[in-house]
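Colleague: The structure is given below, and queries will be raised subsequently.
The values are calculated or read from the model by the stated rules, or taken from the named source; none is laboratory data. Owing to the predicted nature of the structure, the values given are computational and were not obtained by experimental measurement. Cβ coordinates were reconstructed from backbone atoms using ideal geometry, including for glycine residues, and neighbour counts include every protein chain displayed.
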Amino acid sequence: MKPLEFQRCTPDDLELLRQVSIQTFTHAFESQNNPDDFSAYLKKAFSRQQLLQELRHPDTAFYFVRDGEDLVGYFKLNAHQAQTELQEAEGLEIERIYVLAGWQGRGVGARMLHWIRDTARTSGKAYLWLGVWEHNTRAMAFYRKQGFVTFGKHPYDIGTDRQWDWLMRLDLGGAT
C-alpha cells in the first residue's frame with residue numbers, strides 16, 4: 001500500500017476545493033435533509049467567498065488527500081480561535097473530513113486520521129476533537145474505533161433545520 005499524499009490547499013485551489021466539498025457533503029447528507037434547507041446550506045457554507053475566507057484564515061488549514069494522481073478526500077483543521085467550540089490552544093478541531101465515494105472502505109479515513117494525529121502531536125497538541133451528526137452512526141462507530149469518545153453536543157444548522165452534532169475527542173498523550 002503506497003502512502004497517501006497530503007497537500008495543503010491555497011487560494012489557488014478554491015475551485016477544486018469547492019467542487020469536492022459540495023460533492024462529498026451532498027453524497028453524505030442530501031438524501032436525509034429537506035431539499036430547500038440543504039440547498040441553502042450548500043450555497044452559504046461552500047460559496048466561493050466563504051471558502052476563500054476560510055482558506056486565508058491563519059488558524060485554518062484545508063488539505064487534499066491524494067493516492068498518486070487521484071484525489072481521494074480532503075479535510076479541514078482548525079486551531080486556536082478558528083475552532084467552532086472549545087478554542088483551547090492544546091486542542092485541534094477536525095471540522096471536515098471526507099473520503100470520496102469511490103475510495104470509501106479502503107482504509108483512507110483511518111490513514112487520514114493517523115496523519116492528522118501525527119501532525120497534531122508534532123505541533124504540541126494534546127487532543128483532537130470533532131462534531132459528528134447524531135444520525136451518522138457509521139461515522140460515530142468509525143471514530144470510536146479510532147479511539148474518540150463522546151463528550152457533549154452542539155447545534156448544527158442545515159438551512160432552517162436545527163440538527164445536533166455529538167462532540168467527540170481523542171486525547172493524544174501516549175496514543176498510537
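Colleague: So which of Phe38, Phe6 is of a type in the set (Phe, Trp, Tyr) and in contact with a Gly (Cβ under 7 Å, 6 or more places away or on another chain)?
Modeller: On the way: Phe6 fails: in contact with a Gly (Cβ under 7 Å, 6 or more places away or on another chain).
Residue meeting the stated conditions: Phe38.
Colleague: Between residues in the stretch 103-128 that are in contact (Cβ under 8 Å) with a residue 12 or more places away in the chain and residues that are of a type in the set (D, E, K, R) and assigned to a helix (DSSP H, G or I), which pairs lie under 7 Å by C-beta distance while being six or more apart or on different chains?
Modeller: Between residues of the stretch 103-128 that are in contact (Cβ under 8 Å) with a residue 12 or more places away in the chain and residues that are of a type in the set (D, E, K, R) and assigned to a helix (DSSP H, G or I), the close pairs are Leu128/Arg117.
Colleague: Which of the residues that make up the stretch 133-176 are over 19 Å from Glu85 (Cα atoms), touching a residue at least 60 places away in the same chain (Cβ under 8 Å) and not polar (S, T, N, Q)?
Modeller: Once the filter is applied, which keeps residues that are over 19 Å from Glu85 (Cα atoms), touching a residue at least 60 places away in the same chain (Cβ under 8 Å) and not polar (S, T, N, Q), the stretch 133-176 yields His135, Gly159, Asp161.
Colleague: Tally up the residues in the stretch 121-152 that are farther than 19 Å from Ala28 by Cβ and surrounded by fewer than 17 Cβ atoms within 10 Å (Cβ to Cβ), please.
Modeller: Here is the first cut: in the stretch 121-152, the ones farther than 19 Å from Ala28 by Cβ are 121-129, 147, 149-152.
Next, from what is left, pick out any that are surrounded by fewer than 17 Cβ atoms within 10 Å (Cβ to Cβ): 121-124, 126, 147, 149-152.
The number of residues fulfilling the criteria is 10.
Colleague: Checking the structure you have, find out if any residue of the stretch 6-13 is crowded, with 16+ Cβ neighbours inside 10 Å and free of Cβ contacts under 8 Å to residues at least 60 places away in the same chain.
Modeller: Initially, the stretch 6-13 is screened for residues crowded, with 16+ Cβ neighbours inside 10 Å, giving 6, 9, 13.
Next cut, free of Cβ contacts under 8 Å to residues at least 60 places away in the same chain only: 13.
Scanning the stretch 6-13, I find at least one residue that is crowded, with 16+ Cβ neighbours inside 10 Å and free of Cβ contacts under 8 Å to residues at least 60 places away in the same chain, so the answer is yes.
Colleague: In the stretch 117-176, which residues are in a loop (DSSP other than H, G, I, E, B), modelled with pLDDT of 95 or more and hydrophobic (A, V, I, L, M, F, W, C)?
Modeller: Those that are in a loop (DSSP other than H, G, I, E, B), modelled with pLDDT of 95 or more and hydrophobic (A, V, I, L, M, F, W, C): Ala126, Phe148, Leu172.
Colleague: Keeping to the stretch 44-85, report how many residues are polar (S, T, N, Q) and assigned to a loop (DSSP other than H, G, I, E, B).
Modeller: Taking the stretch 44-85 and keeping what is polar (S, T, N, Q), we get 47, 49-50, 53, 60, 78, 81, 83-84.
Retained after the next criterion (residues that are assigned to a loop (DSSP other than H, G, I, E, B)): 47, 83-84.
So the count comes out to 3.
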